[in-house]
Structure formats: structure tokens, C-alpha cells
Amino acid sequence: MGHWWYRNIVEPGKLPLLLALASFVLTFLVTRVITRLIRAGRGPFRNISPGGVHVHHVVPGVVLMVLGGFIALAGGRRGFGSGVAAVLFGMGVGLVLDEFALILHLDDVYWTEEGTKSVEIVILTAALVALILGGFLPFGVNELSPDESTNRFTVVRTVAVNFLFVLVALVKGKGRMAVIGVFVPFVALFGAVRLARPHSLWDRRCYRNRPKARARARVRAVRHDRRWSGLRRRVEQFIGGAPSR
């Protein structure tokens with residue numbers, strides 16, 4: 001374990017990334033717990049509203065991101081300063097992305113259906129960072145043996161091909177399938193070859209002169225949503241809380 005830690009985390013300089021990911025996920029979870037307690041009127045936590053202005057936690061999140069970014073630029077990738085910068089940056093990202101839907105809509109949609117986009121973008125971000133951290137960008141490691149070099153090239157090639165499938169799935173409007181496909185290649189391939197979602201970029205460009213394909217895509221989307229939307233909402237509400245009715 002110690003050899004793996006040094007070769008894959010310490011030597012390529014990924015320790016700050018690990019600290020940033022851990023602080024990002026922890027900050028998001030703690031923030032969601034606190035906001036749900038505030039919403040339920042429990043515990044000592046209250047909204048911060050100096051002068052009647054509700055200060056959303058995206059504000060301190062931006063401040064922490066700025067501090068962490070500048071400290072990282074000044075201190076380099078190694079040492080105590082880089083660790084502090086990574087933690088500050090991860091905390092800031094957690095606070096900002098927790099209110100991603102608010103930034104997207106320029107409205108306080110935190111406890112609405114639109115607010116669930118924040119949970120989705122947090123899961124996507126954590127998945128992509130974990131993918132990088134796990135060695136799917138296998139660069140920066142010195143003194144590789146021929147077998148290790150071959151294995152890492154194979155990984156890069158596999159991930160590159162799978163990334164194309166992920167992009168196609170995204171263009172077809174299948175964001176959640178693309179996220180799962182980052183870890184499970186066959187899911188991305190399945191999403192890439194199936195019909196596109198209605199109103200997606202693929203639908204607008206490729207089904208414009210294919211009314212039968214567009215009609216089949218819409219029927220399939222209705223059936224898919226009817227089957228899986230309930231489970232998706234339960235997962236999102238378990239993580240982020242149920243929206244207001």
C-alpha cells in the first residue's frame with residue numbers, strides 16, 4: 001500500500017488533488033446537512049441575513065476558491081502550502097457547486113426541482129476528479145518499466161475511446177448515463193448507440209429530417225422517464241433533501 005501511495009499519489013504530485021476532492025465532498029455533505037437542519041428549524045444553525053440580505057453560501061465559497069487558487073499559484077504543487085491551498089479550494093468548490101442551480105437560473109431555486117441540478121453537478125464533478133485521481137490520467141510518474149508503460153498506454157487508449165462514447169451520450173442528452181459511463185464503459189457505449197433524448201443537440205441536428213426517428217425517440221424517452229424518474233428523484237432527495245411543494 002505504501003509503495004502504491006508513493007508511486008501513484010505522492011510522486012506524480014496528486015496529493016493536493018486528493019485533499020481537494022476530500023474537502024470538496026465533505027464540505028458539500030456538511031453543507032447539505034446544515035441547510036436541511038435550517039429548513040427543518042432544528043439545531044443552532046440559522047440563515048445569515050445582515051441588513052435583511054440573505055448571504056448564500058456561494059459567496060464564502062467564491063472567496064475560498066480565490067484564496068486557494070492564489071495560494072496554490074504562489075506555493076507550487078508540493079509542500080504544506082499546496083495542501084492548505086487544496087483544502088481551501090475544495091471547500092470553496094463544495095460551497096459553490098452546492099448552489100450551482102442558483103447560479104444557473106439566477107434565482108433562489110435551492111429547494112425546488114431545478115435545485116436538484118446542483119446535486120447532479122456535484123456527483124459529476126466528484127466522479128471526474130476521482131477518475132483523474134485513480135490513475136486514469138497516468139502521467140507524471142518517473143522510471144516506469146516497459147510493462148508499466150505499456151499498461152498505462154493501454155489505459156489511456158481505452159479511456160480515450162470511452163471518452164468519445166461519453167461525449168456522444170452527452171450530445172444525445174443522456175447526462176446521467178454519460179456520468180455512469182465514465183466508470184462503466186459499456187454504459188457509455190449503450191448511451192451512444194441508442195436514440196437521442198428529445199430536444200438534445202443530436203435531436204435538433206440529426207433528427208430534423210427524420211420524423212420517424214424523432215417520434216420513436218420521444219416515445220422511448222417517456223417510457224424511460226416513467227420507469228426511472230422515481231428512483232432518480234429518491235436518490236437525489238436522499239442526498240440533497242426533498243424540494244418544496
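The values are calculated or read from the model by the stated rules, or taken from the named source; none is laboratory data. Small disclaimer: the values here were computed from a predicted structure and weren't measured. Here the Cβ positions follow ideal geometry from the backbone for every residue, glycine too, while neighbour counts run over all protein chains shown. Please note that ligands, DNA and RNA were not included when accessible areas were found on the heavy atoms of the full protein model with its side chains. Shrake-Rupley method; radii C 1.70, N 1.55, O 1.52, S 1.80 Å.
In table form, for the structure just shown:
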read-out: Search result, residues across the range 66-114 that are surrounded by fewer than 17 Cβ atoms within 10 Å (Cβ to Cβ), without any contact (Cβ under 8 Å) to a residue 60 or more places away in the chain and not in a helix (DSSP H, G or I); value: Gly76, Gly79, Leu106, Asp107, Asp108, Glu114
read-out: Pick from the range 183-192, criterion open to solvent by 30 Å² or more (accessible area, probe 1.4 Å) and either of a type in the set (Ser, Thr, Tyr) or in a helix (DSSP H, G or I) (or both), ranking: nearest to Val129 (Cα to Cα); value: Phe183
read-out: Residue match in the range 33-42 (condition: closer than 19 Å to Ile132 by Cβ and assigned to a helix (DSSP H, G or I)); value: no
read-out: Residue count, the range 193-206 (criterion: assigned to a loop (DSSP other than H, G, I, E, B), in contact with a helix residue (DSSP H, G or I) (Cβ under 7 Å, 6 or more places away or on another chain) and either loosely packed, with under 13 Cβ neighbours inside 10 Å or of a type in the set (A, V, I, L, M) (or both)); value: 2
read-out: Cβ-Cβ under 8 Å pairs, at least 6 apart or on other chains, the range 22-35 side farther than 17 Å from Ile48 by Cβ and without any contact (Cβ under 8 Å) to a residue 60 or more places away in the chain, far side open to solvent by 50 Å² or more (accessible area, probe 1.4 Å) and not in a helix (DSSP H, G or I); value: none
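Yes/no per residue for (1) among the hydrophobic types (A, V, I, L, M, F, W, C); (2) closer than 26 Å to Glu113 by Cβ; (3) buried (at least 16 other Cβ atoms within 10 Å of the Cβ); (4) at pLDDT 75 or above:
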{"residue": "Val168", "(1), (2), (3), (4)": "yes, no, yes, yes"}
{"residue": "Arg208", "(1), (2), (3), (4)": "no, no, no, yes"}
{"residue": "Arg216", "(1), (2), (3), (4)": "no, no, no, yes"}
{"residue": "Arg223", "(1), (2), (3), (4)": "no, yes, no, yes"}
{"residue": "Trp228", "(1), (2), (3), (4)": "yes, yes, no, no"}
